[in-house]
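Colleague: Encoded as structure tokens, here's the structure I'll be asking about.
Just so it is clear, none of the values below were taken in a lab; they were calculated from the coordinates. This is a predicted model, so every value here is computed, not measured. So basically every Cβ, Gly included, is an ideal-geometry build from the backbone, and we count neighbours across all protein chains shown.
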Amino acid sequence: MGCSFSGLNALYDAVNGGGDVWINENRFRILRQLGEGGFAYVFLVKEVLSESSGLANKIKDSSHLSVDGNYAMKKVLIQNNEQLQLVKEEIRVSSLFNHPNLLPLLDHAIIAVKILNDLFAYGNKAVCIDLSLVVMSTQEAAANHEAYLLFPVHLDGTLLDHAKVMKTKKEFFSTTDVLHIFRQLCAGLKHMHSFDPPYAHNDVKPGNVLLTHRKGQAPLAILMDFGSARPARKQIRSRSEALQLQGVALSSSCLFVCLYLKPFSRVELAYSTTDSFAGQWYC
């Protein structure tokens, strides 16, 4: 199914700052925006229940269901086919994992969005409005896509958010909490590495680690954003390809730069035959 960000409803939502979104057969009400970056926006949404639909009928793991019906929805504006393929790959990879320290993808939908090519004259000016709420030239393609990805919501913020607040207060995580957070991230990455081929996250950083406070326990750490995740093994057949792979691995190396921990990376380049390399990196 589509969503309310279509047709004249897009203009209505732009004016009123609200609206409902359909992700397949389930309906969600947008409560507020949580963040944005690039062509992606994250919203806090609430499930609008009906007798014939609901996430409870679709999600196998009931622990992922929200008690109050609130979830996080990532909306991605897709401008070309390359971006479309990247989003599809993110969805495919995210759907592989099932681990308490990796953010699960609950549902998703990709819809075609027609661009409203009519120009609204205002004096001597003209404004082109499209249905993804992005100003575009009429020379752009006549149809774009929008992707909607649904996740559990963690309103306590990221490790980066906490680090910034604690810095202003001149506070620090305890050594015990640091080790617990690090252990949980390692457990999540170990799950990604257990596949054949293993997957590398490629973007481990404080801003991609969600923290949830738990009374009497260390914070729950959950790794998110699998847009850069790729298979960690690649066959290469020349030294130039090996050096290129090494550059990619180093530029995508895991970073855990807060809480007394230094950046690290692991890159392996080894001969598998006389004219072929086996490249591998993890994180």
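Colleague: Suppose R0 equals 51 Å; then what is the FRET efficiency for A187 and E25 from their Cβ-Cβ distance, rounded to the nearest 0.05?
Modeller: After rounding to 0.05, the efficiency reads 0.90.
Colleague: Which FRET efficiency, nearest 0.05, do I110 and S62 yield, Cβ-Cβ r, R0 25 Å?
Modeller: FRET efficiency, I110 to S62: 0.45.
Colleague: Please give the peptides 217-229, 26-38, 167-179, 192-204 ranked by average Cβ packing (other Cβ atoms within 10 Å per residue), highest first, as a rough proxy for protection.
Modeller: 217-229, 192-204, 26-38, 167-179
Colleague: Sequence neighbours fewer than 8 away in the same chain don't count; with that in mind, list the lysines whose C-alpha is under 16 Å from K88.
Modeller: Counting by Cα, and skipping residues close in sequence, K88 has these lysines nearby: K74, K75.
Colleague: In addition: For the pair L160/F172, report the inter-label distance in nm, with labels modelled 7 Å from Cα in the Cβ direction.
Modeller: Label-label distance for L160 and F172, simple model: 2.4 nm.
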